[in-house]
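**Student:** The following block contains the structure, expressed as structure tokens.
Nothing in this text is a laboratory measurement; each read-out follows from the coordinates by a stated rule. In this text the structure is predicted, and so the values were computed from the model without any measurement. Here Cβ is always computed from backbone atoms with ideal geometry, including for glycine, and neighbour counts include all displayed protein chains.
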Amino acid sequence: MRLRASFPMTDSNSPPKPQRIVFFGSGSFGLPTLQQLVEQHTVELVVSQPDRPAGRKRMMTSTPIAAFAEQHGLDTFKPDAPNRPDAIQRIHAVNADAFVVIAYGHKLSPDLLGEHFAMNLHASLLPKFRGAAPINWAMIQNEPETGVSVISLAQRMDAGAILAQVSTPIDPRETAGELHDRLAELGVEPMLQTLHAVQHNELQPVQQDEALASRAPKLAKADGTVSFDQPAAAVRARIHGLTPWPGCTVQLGEQRVKLLRVADRHDTSHTGAVGSVHEDGAIVCSDGVVEILELQPPGSKPMTWHDYARGHRLPANSHCEPV
């Protein structure tokens, strides 16, 4: 895997001294970093979102971060409003050296941050793709690469100074879910390097260029479809950028299915109107075709096109349409 890294410069060869950490996080994106912080530092407190109903039985369920913390005996705090005075008092009582924030889901107020060194891991090459869904939008817009940024916390969303960055190419075969997991692992080293640099007063923050900033707004279930009246590469990028959530639902013949993975190619042998589906799973786009590799019918597990076609014979002149 090719990487372009930009870490804090540190001249110290001494091993990092363990620091007292308050970790703020909810989603699984922060798990690899939290695991390493537990091994290399002292995680005094984990702050996460409250338990929520989940699954068909709507059972109260901890966030992935809170579940990990509880399994490993870490002190865990789940305030509804972390910026309330009582919550701030609870967090400040830890007397932490640093706050680490990854996919927490709440904005931290100046009163909560106080004089603490606080850093956040964001899943894009800032200032590109500020917002709740940077991985999805980097893929949907067919970016050749993305990465992770370690930033200081600011009161404007994802606008803090850049403390470290690592970039990586986006594989046209991977989905947003797969890229999410890869970036979560990629973020560990720059986070640890930044903590090491702050110990030695060697941080070199770089302010973001506001002229280059772009947005990555939260996706909704209604976003989960695609039009084939565009180039095949754009169709593939959108389908992969929507997988696994909200998913890319289309009308395939007489059945609604989710397209999970496709391959785009320039192909003049597959003719027909935009959206025409051929026996081999190729869908005609405005330029080229996308070949269905994986899809999921209602109530079924994901399957290959070959397996789907064995049980669902499409009539001639079938179409795939957005819903």
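**Student:** Compute the signed sum of charges (Lys and Arg +1, Asp and Glu -1) over the other residues within less than 9 Å, Cβ to Cβ, of Cys248.
**Tutor:** Around Cys248, the charge tally is +2.
**Student:** Let me ask something else about it. Relative contact order for the chain: what percent, with Cα pairs under 8 Å and sequence separation of 6 or more?
**Tutor:** 15 percent
**Student:** Report the Cα centroid-to-centroid distance between the stretch 67-106 and the stretch 214-246 in angstrom, as an integer.
**Tutor:** First find each Cα centre; the distance between them is then 34 Å.
**Student:** In a Debye calculation with equal point scatterers on the alpha-carbon sites of the stretch 221-322 and no solvent, what is log10 I(q)/I(0) at q = 0.10, 0.11, 0.15, 0.23 Å⁻¹?
**Tutor:** -0.22, -0.27, -0.51, -1.29
**Student:** Another question, then. At what distance in nm do the modelled label points of Asn95 and Lys107 sit from each other, each positioned 7 Å from its Cα along Cα→Cβ?
**Tutor:** Between Asn95 and Lys107, the simple spin-label model gives 3.2 nm.
**Student:** Please report, largest first and rounded to whole Å, the three semi-axes of the ellipsoid equivalent to the stretch 240-293, where each semi-axis is the square root of five times an eigenvalue of the C-alpha gyration tensor.
**Tutor:** Semi-axis lengths for the stretch 240-293 are 20, 13, 9 Å.
**Student:** Here's a follow-up. Net charge within 15 Å of Lys107 by Cβ-Cβ distance, Lys/Arg positive one each and Asp/Glu negative one each, not counting Lys107 itself?
**Tutor:** Around Lys107, the surrounding residues sum to +1.
**Student:** Residue by residue through the stretch 204-216, what is 3J(HN,Hα) from phi via Karplus (6.51 cos²θ - 1.76 cosθ + 1.60, θ = phi - 60°)? Round to whole Hz and write x for glycine and proline.
**Tutor:** 10, x, 10, 6, 6, 7, 4, 5, 9, 5, 9, 9, 9
**Student:** Right, something else. For the chain, with a Gaussian network of springs between Cα atoms less than 10 Å apart, report the residue from Val22, Val148, Val94 with the top mean-square fluctuation.
**Tutor:** Largest GNM mean-square fluctuation: Val94.
**Student:** If we count every other residue with Cβ under 14 angstrom of Gly299's Cβ, Lys/Arg +1 and Asp/Glu -1, where does the sum land?
**Tutor:** +4
**Student:** Quickly estimate the mean residue ellipticity at 222 nm for the chain, helices only: each DSSP H run with n ≥ 4 gives -39500 (n - 2.57), and the total goes over all residues, rounded to 500.
**Tutor:** Rounded to the nearest 500, the figure is -6500 deg cm²/dmol.
**Student:** Please compute P(r) over all alpha-carbon pairs of the chain, binned at 10 Å starting from zero, and give each bin as a whole-number percent.
**Tutor:** With a bin width of 10 Å, the distribution comes to 6, 24, 28, 21, 13, 7, 1.
**Student:** Where does each of 267-274, 255-262 land if you order them by average Cβ count within 10 Å, highest first?
**Tutor:** Taking the mean over residues of other Cβ atoms within 10 Å, the ranking is 255-262, 267-274.
**Student:** Given the stretch 38-197, report the % of alpha carbon pairs whose separation exceeds 21 Å.
**Tutor:** Every Cα pair in the stretch 38-197 considered, those over 21 Å come to 52 percent.
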